[in-house]
Each structure stands twice: as structure tokens, then as C-alpha cells.
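The values are calculated or read from the model by the stated rules, or taken from the named source; none is laboratory data. None of these values were measured; they are calculated from a predicted model. Note: ideal-geometry Cβ built from the backbone for every residue, glycine included; neighbour counts use all protein chains shown. When the accessible area is computed, the model is the full protein with side chains, heavy atoms only, and any ligands, DNA or RNA have been set aside. Shrake-Rupley method; radii C 1.70, N 1.55, O 1.52, S 1.80 Å.
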Amino acid sequence: MPALVNYSGEGNFCPGGALYANRPHVDVYYPPRKRSRITAPCVFKEESFGHQKLPSIDVLPDECLFEILRRLPGGQERSASACVSKRWLALLSSIRGGEVCSTSSGSDCSGEVPMDIDSDGYLTRCLEGKKATDIRLCAIAVGTGHRGGLGKLMIRGNNSSRGVTDAGLSAISRGCPSLKTISIWNNSAVGDEGLAEIAKACWMLEKLDLCQCPSISDKGLLAIAENCSNLRELTIESCSKIGNEGLQAIGQRCLKLQTITIKDCAFVGDKGVSSLVSSASSALKKLKLQALNITDVSLAVIGHYGLVISDLVLAGLQKVSERGFWVLGNGHGLQKLKSLTITSCGGVTDLSLEALAKGCSNLKQLHLRKCSFLSDNGMVTLAKTAASLECLQLEECNRITQSGIVNTLANCGVSMKALTLTKCMGLKDVVPCPSEFTPCRSLRSLAIRDCFGFGDAILAIVAKLCPELQNVDLSGVSTVTDAGLLPLLENCEAGLVKVNLNGCSRITDIAVSAMARLHGGTLESLSLDGCRNVTDASLVALAENCSLLRDLDVSKCAVSDLGVATLSCSKGLDLQTISLSGCFQVSDKSMPYLANMSQTLIGLNLLGCSLISNSMMDLLVEQLSSCDVLY
């Protein structure tokens with residue numbers, strides 16, 4: 001240290017002046033070319049050096065940045081710029097197609113230039129739950145234009161913190177003029193303003209679906225009616241502010257409407273429905289009215305003006321009486337009606353059903369559900385009158401008895417092909433078989449589901465009435481035994497193709513073996529889920545006789561590894577789907593046999609097979625690479 005302080009040679013330690021100029025006796029030199037080492041932490045703050053300057057383009061106000069962004073040459077450039085920040089995305093989504101400048105042509109940006117030439121609107125986007133936000137809609141508006149244009153937009157639910165609002169729909173309206181379908185479900189933030197923006201810009205709109213949108217009222221529908229004359233499909237469900245005024249406007253201006261669905265709208269009444277149906281009578285083909293405060297007047301209008309209606313659904317119309325359905329049939333306007341579904345309507349009686357059968361001469365499908373005043377007389381009259389009827393479905397019509405079903409089958413026309421009865425508790429084995437009857441040779445499909453009073457006696461009668469059955473469904477009918485099923489198997493002349501006996505716990509190997517022997521040449525699908533008396537003997541019979549069998553379900557049956565081995569070793573059997581769910585006797589020994597079926601097997605259900613180890617299951621999944629395995 002003394003040497004350093006008293007140093008005064010020709011070669012200076014470091015060129016420079018004295019650090020203390022007023023004290024010449026101190027020979028300490030400061031090296032200006034060498035930065036002093038800092039050992040203590042030092043924190044610099046913006047206040048010490050002034051505010052940090054932002055990039056110059058971000059300093060520009062929105063107006064200037066808007067002018068820059070609208071001069072981008074193409075859609076790809078706009079999409080890339082939208083990724084810079086939310087501010088840029090918002091500005092880009094606010095640019096309308098007519099505000100985009102074509103800089104390549106040297107224009108002064110005074111004319112309207114389309115945003116993209118190829119925007120036919122074939123893209124589909126769906127936002128659900130947390131993904132349903134305005135920011136995503138802005139991104140869709142900017143990004144889909146140069147990729148063909150957005151044609152279909154579905155918004156399901158809403159983000160609780162920053163969900164879809166009118167601002168998001170406004171962005172879609174500016175960036176997606178090719179939009180043809182918009183569906184909004186369960187959204188309380190979207191109102192008339194957003195729907196009006198869509199209506200003004202997306203004039204090609206063909207389908208509008210609104211479900212649980214309490215903020216949308218008649219005002220929004222008025223905007224749709226004024227601007228979207230191409231509207232073809234309208235669905236309004238549980239929109240509490242929509243009433244007659246909006247529907248009237250739609251009916252008067254949207255003359256191309258083909259499909260209308262209105263459900264659970266308290267303010268919709270006869271005035272709105274009548275105006276809508278009468279105005280769109282030349283194009284309306286499908287109509288569904290459910291849980292509305294309409295009366296006989298609306299049904300009278302439908303019966304008179306529904307000239308081209310082919311599908312009609314009426315549900316929960318508590319204020320419509322027998323007279324309303326009678327007028328509906330006698331209006332002579334439903335000549336092209338092919339499908340009619342009526343649910344929970346007290347006005348459906350034997351008299352009104354007869355009027356419907358006579359007035360709808362081309363009716364092919366009839367589905368009656370929870371019609372508590374309909375009896376056997378109405379069913380027999382329907383069978384005699386509806387000559388074109390092909391498919392009849394009855395669900396929870398508890399006044400229908402065995403007599404009604406037997407007489408319906410005995411009197412139905414040559415067109416009847418399918419009969420379905422579900423949860424009809426009036427069916428009981430109490431009426432003897434009629435001495436003389438005409439078989440219904442046209443019937444191909446019979447389904448009796450969850451009718452707990454349906455037993456062997458009525459099944460034997462049906463077997464004689466329907467000799468040409470190909471599809472039989474007795475699921476949930478636990479009272480049927482081998483004694484009732486065997487006559488049906490013996491009387492089916494055409495050969496059964498599809499049989500469903502799920503839940504028929506009294507069926508045994510006797511009936512299944514007989515089915516395999518009598519119908520093995522035609523049987524393609526067999527379901528025995530829950531038939532706990534079915535064992536390996538049934539699988540042996542199926543393997544020997546059913547060469548066309550493709551789908552087999554023996555879930556919860558008493559089958560074991562032996563039965564699986566028999567199916568696998570059968571040379572003439574090419575099963576595609578097998579369900580062994582709940583078969584507790586199936587173990588690891590069945591895995592090699594199932595693996596041998598890899599060439600044809602595409603579906604395998606092994607849920608609940610507790611004797612199969614995890615290691616063998618993993619190995620089987622690897623071997624069945626092209627098969628969907630549930631375990």
C-alpha cells in the first residue's frame with residue numbers, strides 16, 4: 001500500500017489527474033478508463049432516470065393505429081397482427097369489410113373493397129363454457145375471413161367472468177358477413193343490440209337458434225325480420241322476453257321459413273303463432289310447438305294453412321281441448337303431413353284421433369305419448385282409417401289394453417310396418433285370443449318396452465298376428481318366458497334379423513338355442529343383457545348356426561371362458577361387436593381367444609369382468625389395435 005501511494009515513476013500507474021486537486025501532497029490517481037467494481041447491490045428505479053419510453057407504434061392513438069391496420073395487404077397479415085396484443089385484436093375486429101384498403105392497387109381507400117374474395121362461409125366454430133368469450137369471437141372474426149369465411153357459429157353457455165356479450169356479436173357481424181347459421185344457448189349477456197348487429201351485416205342468415213337467452217326480446221326479432229329475408233329455420237326456446245310481436249314480424253317478412261320450433265315462451269300466444277303459420281304457409285314444412293299458452297285457435301289455423309307441413313310436433317299444450325285437435329284434423333290443410341308427434345296433450349281423445357286419421361290421409365308416422373284419454377276404441381278406429389300409416393308409437397298411454405293392441409293389428413292396413421309400445425301399464429294377459437282374425441303380414445318390427453303386464457299369453461297372440469316379423473324388441477319385459485317366446489320364434493316366417501331381449505331375466509338357453517336353430521340364417525344382432533339364465537350352451541348354439549351374426553351382447557349372463565372360446569373357434573362366425581360386461585366368470589383364459597378375433601372385431605366391452613388382470617387387459621388392448629375396448 002505505501003508503494004502504491006508514494007509511486008512516482010516515469011510510467012504512471014494509470015494516466016489521469018489527481019483525485020484531490022486541492023491537496024497536492026496526496027498522490028492518488030483516479031483511473032478514468034477503468035470502471036469501479038460494485039460489490040453492493042444497487043437498485044435502479046424509473047423515478048431516478050425518467051419514465052421508460054414505449055415503442056413508438058403503441059404511443060399512437062386508436063384512430064391512427066386503425067388507419068394503419070386497415071391498410072394491411074391480406075387476411076394472413078391481419079391474423080398475424082391480431083396476435084400482437086388484445087388492443088390490436090380489438091381494433092382489427094372493429095374493421096368492416098368495406099373499410100379495408102387495397103394498397104396494392106394504389107387506391108385512396110375511399111371505395112368499398114371486400115375483405116377477402118374467397119369467403120363462401122363454409123367454416124364452423126363452436127364455443128362452449130369457459131371458451132365462450134368476446135376475445136375468442138374477435139379472433140374468429142379476424143381469422144376466418146381469409147380461410148373461406150365463417151358459415152356456422154355455435155355459442156354454448158357462457159364464461160362467468162368475461163363471457164360473450166353484444167360486443168362479441170358485433171365483432172362477428174363486422175368480420176363474418178357470410179354467416180348463415182348462429183346458435184346461442186344459455187346466455188344472459190347477449191341482448192337485442194348484438195342480435196341487431198348480426199341481422200344488419202349478415203343478411204345471408206338462414207338459421208337462428210336461441211335457447212335460454214332472457215335478454216333478447218321482440219326488438220331483436222324485429223331486426224332479424226327486417227334484414228334477413230333468407231331465414232329458413234327458426235328455433236326459440238325459453239326466451240322469456242320474446243312474444244307475439246316478434247313472431248308476427250318474422251312471419252310477415254321471412255317468407256322462406258321452412259322449420260319453426262317454439263318452446264316454453266310464456267308471452268307467445270295464439271296471435272303470434274297464427275300469424276307466423278298463416279304467413280309462412282307456402283314454405284313451412286316442419287313445425288314444433290311445446291309448452292305454450294295457445295288454444296284451439298292456433299290448431300285451427302295450422303289445420304287450415306299447413307298446406308305443405310310434413311312434420312308436426314305438439315307437446316304440453318294444456319289449453320288445447322278436444323275441439324282443437326278435432327278442428328286440426330278437419331281443417332283439410334294437412335294433406336302432406338307425414339309425421340305427427342303429440343305429447344302430454346289432454347285434448348287427444350278417441351274422437352279427435354279419428355278426425356286426425358281422416359284429415360291426414362298421407363300420415364305415415366304417429367307418436368302418441370302420455371295421452372291419458374286415449375282408449376282402445378280410438379286405436380281400432382285409427383287402424384281402420386289411417387290407410388297410409390307405417391309406424392305407430394305409443395308411450396305411457398295407460399288406457400290401451402291387450403284388446404286394443406290385438407284389434408289394431410288385426411285391422412291395420414297393408415302399410416303398417418312398425419309398432420312400438422313403451423310403458424303402457426294397461427297391457428295385461430286377460431283377454432283370450434280371438435277365434436277369427438286377419439294376420440298383419442306387413443308388420444316387420446315389434447317393440448314392447450317396459451310394459452310390465454305384457455306376458456306370454458299376449459305374446460303368443462301377437463305371434464299369430466304377425467308372421468313376417470324381422471325385428472323384435474322385448475327389453476325390460478321381465479314377465480316373458482320361454483313359453484311365450486317360442487311360439488313367436490316358430491311363427492316368424494321371414495326370419496328374425498334383430499332381437500333385443502335385454503332385461504328378460506326368465507329367458508333361458510332353451511329359447512336362445514331355438515332362435516339360433518330357426519333363424520340362424522338371418523340373425524344379425526342379438527342382445528341378451530341381464531338374461532342371467534343364459535349360459536355357454538347358448539353361445540355354442542349361436543356359433544354353430546348364426547353365420548351372419550355381427551353384434552352380440554351377453555352382458556351379465558352366466559357365460560364363461562368356454563363360451564368365449566367357442567365363439568372364437570367358430571369358422572363361420574365373424575363377430576364385429578361383443579359385450580361381456582358384468583360376466584364375472586370370464587377370466588384371463590379368454591384373452592387369447594378374443595385376440596384371435598382381431599380381424600373382424602371393432603368393439604369389445606369388458607367392463608366389470610373382475611377375473612381379468614390388468615396385465616392381460618393391457619396385452620389384449622395392444623393386440624386389438626383396431627378395436628375399441630372398454631374395460
*Three principal axis extents, largest first, for the C-alpha atoms of the range 212-322, in Å?*
38, 29, 19
*For Asp473, list long-range residues whose amide hydrogen, built 1.01 Å from N in the peptide plane, is under 5 Å from its own amide hydrogen.*
Leu446, Ala447, Ile448, Asn500
*So what does Trp185 come to for accessible area, using a 1.4 Å probe and Å² rounded to 10?*
100
*Once the Cα atoms of helix 244-253 and of the chain are each reduced to a long axis, what angle between those two axes, in degrees from 0 to 90 to the nearest 10, is obtained?*
90
_If you count only protein heavy atoms and use a 1.4 Å probe, how large is the accessible surface of Thr508, to the nearest 10 Å²?_
30
_Scaled radius of gyration (Cα, divided by 2.2 N^0.38 Å) that the range 267-406 gives_ = 0.97
*Quick one: angle between helix 456-465 and the longest Cα principal axis of the chain, in degrees between 0 and 90, rounded to 10, please.*
80
*Relative contact order for the range 439-564, counting Cα pairs under 8 Å that sit 6 or more residues apart, in percent*: 20
*Can you give me the P(r) profile for the range 355-461? Cα pairs, bins 5 angstrom wide beginning at 0, each as a whole percent.*
2, 13, 25, 27, 21, 9, 2, 0
*Rounded accessible area of Ile612 (nearest 10 Å², 1.4 Å probe)*: 20
*On a 0 to 90° scale, report how tilted helix 614-623 is relative to the longest principal axis of the chain, with both axes built from alpha carbons and the result rounded to the nearest 10.*
90
*Using the Cα atoms of the range 139-213 to build a convex hull, what is its mean projected area in square nanometres?*
4.4
*Value at 222 nm in deg cm²/dmol, rounded to 500, when DSSP H runs of n ≥ 4 in the chain each add -39,500 (n - 2.57)*: -9500 deg cm²/dmol
*Per residue, how much accessible area does the range 500-569 have with a 1.4 Å probe, in Å²?*
35
*For the chain, go through all pairs of different Cα atoms, get the mean of 1/r, take its inverse, and jot down that Kirkwood value in Å.*
30.9
*List the trypsin sites (Lys or Arg not before Pro) in the range 521-625 that DSSP assigns to loop (not H, G, I, E or B) and whose Cβ has at most 10 other Cβ atoms within 10 Å. Which are they?*
Lys571
*Considering every Cα-Cα pair within the range 461-520, what fraction, in whole percent, is farther apart than 19 Å?*
19
